[in-house]
Structures are given as C-alpha cells and as structure tokens.
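Below is one structure, written out as structure tokens; comments come after it.
Just so it is clear, none of the values below were taken in a lab; they were calculated from the coordinates. What you are looking at is a predicted structure, and each value in this text was computed from that prediction instead of being measured. Note: ideal-geometry Cβ built from the backbone for every residue, glycine included; neighbour counts use all protein chains shown.
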Amino acid sequence: MSFLFPLFAVLIWSINAIVTKLSAGAIDPAAISFYRWFIALVVLTPFVLPGVWKNRHLVRRQWWKLLILGLLGMVMYQSLAYYAAHSVSALFIGILNALIPLLTVILSVFILRLAPTIGIILGTVLSFSGLIWLISQGHPQQLLHHGLGRGELMMFIASASYALYGVLTKRWAIDLPGWQSLYVQIFLSVLLLTPNFISTPDIALNPGNIPLILFAGIPASIIAPFLWINGVMRLGASIASIFMNLTPIFTAIIAVLFLHEQLHSYHYIGGGITLLGVLMAQRIKTPLRRPIKGTSQ
C-alpha cells in the first residue's frame, strides 16, 4: 500500500492546479500567495518551531541558502502560477507541472554533474516539441509570429524555479531535519511576500476565496508534502517520481468535470508527447558516451 502515499500527494497537487485556476477570479495573486504560506506557517509552528529553536545555530549558518530555496520553491513557483492562471487553463498548469521532473534532470546535468543519458537528450527534445505543439494549439508556426504568451512564459518559469529548487536542495544538503528546513523556508517566504501583500489594494477574505486559501495552505502545502516524503522513504525517489506523470491526467479529469474545460486534439498530442519525453528521460539510462575501455575510473 506504500504506493498510496505518492498517489494521494499527486492527486492533492492536481486538485491544487484547479484551485490555482479558480483563484484567478476570486482573489489577487499576491494575496493568496501570502495567505497560503502564512496559514501553513501558523499550522506548523506548534509542531516544528521548538526543534528549529534548538537548531537555531544551524539556521544562522545556512539562512541564505534557506532564503534562496524559499524564494524559488514557495515565492516564485506558486506566485507565478497564480498570475499565470489569469490567462492559461488548469490543463496547461497540470502539464507544465508534469514537466518539472525533466527540468530537474536537465538542471542536474549542469549543477550536480549528472552524466547525460540518451533518455535525457531524447526526452528533452520530445518534451519541448510537445510543449511547443501545446502552446501553439497545434500550429507551431504561430509562435514565430505571435511569440510566447505571458501566462505560458510565467508558468514555464514557475516550473523551472521549482526544478532548480529541487536540484539546489540536493546540492546543498542542508543540515536540518526536513520539516525544520521547510518551516524556515516558509517563514522566510512569508517575509518575502509581505511587501507585495501590503501594497495590494484588495486583500479581503470572503466566502468565495477562503476555501481556496485553506486548501492551498493545508492540504497542498502540508498534507501533500507529508505524503510525498513518506512515499519517497518507502518506495525510493526514482519510483515515487514516476507518479508525478499522473499530474496532467488527474488535472485534466478534474478540470473537465468541474471547470468544464474542453479537451482538444492539441491537448492529447502536445500533452502526450511532453509526457512521453518525461518518461524517456526517467527510464532510459543508457549513457550518452560510454567510457573507453582501459581507462581508469
């Protein structure tokens, strides 16, 4: 039953893509970004703050790394998604989220010196071809004339930010327990989000946006990471990461049922090619260049 942990984590994150889209007409992006992480901070404080206080010497030593991680993983990733939701569909958000594992692998080649494989090369070409087909709605030549839309660009930067977040987390290997590290990142993210929140004209809470904020702040920010961490511990990172490929499928089903978004042929073709590329990058491990026999390793 260990597979249920990553499965439900991905399901919650898929629902959060719908929540992100719904927030576009219910609350300012700056407001929901702040409220989301403030709620997560308040909920986690009684459980995590005592441990953080005991390890405050570690926090002082690595605060700048935690700040950068918070900027990438909390501030940029989700804030940009909230802004992008004003002009892109929940389906598109789901597909771009599924691209994160591939972007993580690509960045790992340069930052972690991960050996490139045939799967990474072919997967990258396929995924970005599928993405071009999806963004252009099946007419790639239109991108030459009209360029990339603002929402699509913001969503791509958001996904790339989260991929970089994952890579830097591995590279830095911060000496704090996982939840304590996450807590400090959330605290610093709230500080970073505060100026934009204060300068936003409309930050009012109402019956229409409170459920969206609560879902983003608790299930998406606390419960899903808890399930994911347990899934990785039980199954291993490589197996758990495969479940991320279900994100666009779950998101598409929920978006069609509850948002009445329409599935078109370019969704099937572009999304399918993108997902196939991600799978190839994950599963084909053949090295791009084989070591020469007789050389020392």
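Data overview
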{"item": "Given [x] 33, 22, 20; [y] 30, 27, 17; [z] 42, 21, 16, the label whose value is semi-axes √(5λ) of the Cα gyration tensor in Å derived from this model", "result": "[y]"}
{"item": "Values of log10 I(q)/I(0), in the order q = 0.18, 0.23 Å⁻¹, for the stretch 1-120 under a Debye, Cα-only, solvent-free model", "result": "-1.20, -1.27"}
{"item": "Residue-span extension gain [ILE253 to VAL125] - 0.36 nm each, minus C-alpha spacing", "result": "43.4 nm"}
{"item": "Residue exposure sequence - TRP53, TRP37 - by fewest surrounding Cβ within 10 Å", "result": "TRP53, TRP37"}
{"item": "The chain - percent relative contact order, Cα under 8 Å, separation 6 or more", "result": "44 percent"}
{"item": "Relative contact order (%) - the stretch 95-246, alpha-carbon pairs under 8 angstrom, separation at least six", "result": "31 percent"}
{"item": "For the stretch 215-223, 3J(HN,Hα) per residue [Karplus equation, 6.51 cos²θ - 1.76 cosθ + 1.60, θ = phi - 60°, Hz, x = Gly/Pro]", "result": "5, 5, x, 10, x, 6, 9, 10, 5"}
{"item": "Cβ-derived FRET efficiency at R0 35 Å, ILE239 paired with HIS264, nearest 0.05", "result": "0.60"}
{"item": "Mean separation of Cα contacts under 8 Å, 6 or more apart, over the residue count of the stretch 77-151: relative contact order %", "result": "39 percent"}
{"item": "Residue of ALA115, ALA173, ALA240 that the Gaussian network model of the chain assigns the largest fluctuation, springs spanning Cα pairs under 10 Å", "result": "ALA173"}
{"item": "J(HN,Hα) series, the stretch 79-90, from Karplus relation 6.51 cos²θ - 1.76 cosθ + 1.60, nearest Hz, glycine and proline x", "result": "4, 5, 5, 5, 5, 5, 4, 6, 9, 10, 7, 5"}
{"item": "nm² value of the averaged projected area, convex hull over the Cα atoms of the stretch 50-95", "result": "4.5 nm²"}
{"item": "Under the Karplus curve 6.51 cos²θ - 1.76 cosθ + 1.60, θ = phi - 60°, whole-Hz ³J(HN,Hα) for the stretch 8-13, x wherever Gly or Pro sits", "result": "6, 4, 5, 4, 4, 5"}
{"item": "Prolate/oblate/rounded call for the stretch 156-292, Cα gyration tensor, a/c under 1.5 rounded", "result": "oblate"}
{"item": "Distant-in-sequence amide H partners of THR117 (H built 1.01 Å from N, under 5 Å)", "result": "LEU288"}
{"item": "Within the chain: Cβ-based charge dipole about Cα centre, in debye rounded to nearest 20 (Lys, Arg +1; Asp, Glu -1)", "result": "1260 debye"}
